[in-house]
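Just so it is clear, none of the values below were taken in a lab; they were calculated from the coordinates. What you see is a predicted model; the values in this text were computed from it and never measured. For neighbour counting, all protein chains shown are included, and Cβ atoms are generated from backbone atoms with ideal geometry for every residue, glycine included.
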Protein chains: 2
Amino acid sequence: MQHDTPIPPSGKRESGDCRRLNIAAAARAIIVERGLEGLRTRDIAARVGINIATLHYHVPSKEALITLVADSLRHDFQAQALRNSRDGKTALELLRLEFADFRETVHETPELIIVLTALIEKARRDPAIGAIMTPLYDFWRAQFVEIFRQGVAEGSFRANLDPASAALITTGALTDYWRQWTSFRASFDNLTQELEHAFIAQTIPSKDQN
Amino acid sequence: MQHDTPIPPSGKRESGDCRRLNIAAAARAIIVERGLEGLRTRDIAARVGINIATLHYHVPSKEALITLVADSLRHDFQAQALRNSRDGKTALELLRLEFADFRETVHETPELIIVLTALIEKARRDPAIGAIMTPLYDFWRAQFVEIFRQGVAEGSFRANLDPASAALITTGALTDYWRQWTSFRASFDNLTQELEHAFIAQTIPSKDQN
DNA sequence: TCATCAATCAATCATTTGATTGAGGTGTGG
DNA sequence: CCACACCTCAATCAAATGATTGATTGATGA
């Protein structure tokens, strides 16, 4: 829950970039805990272990701070998207890779999805945030569009499948799954299984799954 | 955007219940415009046309106010859910009825979904809101679960369909769609069409569509 | 050694914001 | 007409909050 890069206890200094990373991480943690409406510059400074004035030295305003968070989110997402090679795989393999990536992201850095949805919500009414978040979300969905397009071409996915709509359904289902604190206990495996069934060309009932 | 029940311009009074309705509506409008983090009691009072103290007379605290909004949301949703009879319909008809209901809700009271998602977000960290929103969201999803269960029993939906996961996919796709594409368009038809394809038994056996 | 600059902080400001107080008004039953 | 419940407001409070100021510290290069 604390900083990944601990701050030296004594009077040592941090570089500007490093500080901005600390600040973004602290802001994200607070957004997870108390939401955007509970985000206070003082709390962020306290969490980083610096004075409010120092925070304002590195990040001029609260608006800039939220933009910083959005940027850090984009950075993390893109870094994650490039970890696994996508070459020479079938559409189904790619789809499962995406599911695995999402599961891994959710497990390793669960706050990522929470902050993402919070900022996407904000993006609707804040153009500056929208400029960052919309391309990010579009990029994620575009990956699915491409997978579905390929799958249809391969013949492994339904012929009447609309890649754009299918991608929308998939990203929607995944994010909504994350919102699933409720009594509604569908497992992630059930969900992805169901998504596969929804898009795969149903052959005559022969066991084909590996 | 304004009150459904206009306030008499002169010094007339409103009944407590009516005032609370006005207040809830104003609060919802502001949440749509500025999000939960932009919700200010003064703005609500101004929108209703009353003094801040009067607002506090009717709704003791901001927390109670958000609870009021959640309650009003539940009221609207349940009223909407009971408009159309569900008896004697096939699963596919019921599914389409749900889609039509969603579309209608979005058209008539577009702020409903926005405020719903905002409060569901808040529900994760606020038990009082969770107590209201969780059953509400579960209720919506449970309707889909029942439809899918029926459809599988009827044989019109895939035999290997998991009702719970399918419901999650459906509610997720609908809410996520609405979150981003606030301009409602033909693509909604594409989305629902794709959802139908995803769940309907595709088939070699015979044509079964109506 | 010293000038310079990035980084930091204590103190403080000016608003904002949720909430309260006390003093009325308005309608209704008796 | 009175009393009483219900409703409303102007004025105000105390705390929270985003931001600024002016001074200080440590590192770096000339």
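Numbers for the structure displayed
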| read-out | value |
| --- | --- |
| Between helix B:16-34 and chain B: long-axis angle, C-alpha atoms, 0 to 90°, nearest 10 | 70 |
| B:Tyr57 versus A:Ala53: modelled label distance in nm, points set 7 Å from Cα along the beta carbon direction | 4.7 |
| Point-charge dipole on Cβ atoms (K/R +1, D/E -1) for the protein assembly as shown, about Cα centre, debye to 20 | 1340 |
| Acute angle (nearest 10 degrees) that the helix B:62-81 long axis makes with the longest principal axis of chain B, alpha-carbon atoms | 40 |
| Average partner coverage of A:191-201, which counts Cβ from other chains inside 10 Å | 5 |
| Inter-probe distance in nm under a simple model that places probes 7 Å from Cα toward Cβ, at B:Ala131 and A:Ala100 | 4.5 |
| Distance from segment B:69-118 to segment A:76-113 (C-alpha centre basis), Å | 34 |
| Packing-based ranking, highest mean first, of B:108-118, A:124-134 given that Cβ atoms within 10 Å are counted | B:108-118, A:124-134 |
| Lysine pair count for the protein assembly as shown [Cα-Cα under 23 Å; pairs on different chains or 8 or more apart] | 7 |
| At most 15 other Cβ within 10 Å, DSSP loop - trypsin sites (Lys or Arg not before Pro), segment A:79-117 | A:Arg83, A:Arg86, A:Lys89 |
| Residue exposure sequence - A:His197, B:His107 - by fewest surrounding Cβ within 10 Å | B:His107, A:His197 |
| Cβ neighbours within 10 Å from other chains - mean over A:156-165 | 4 |
| Kirkwood hydrodynamic radius of the protein assembly as shown, Cα pairs, Å | 23.5 |
| Long-range HN-HN contacts of A:Phe157 with modeled amide H, under 5 Å | A:Val152, A:Ala201 |
| Nearest-ten-degree value, helix B:163-180 long axis tilted from longest Cα axis of chain B | 50 |
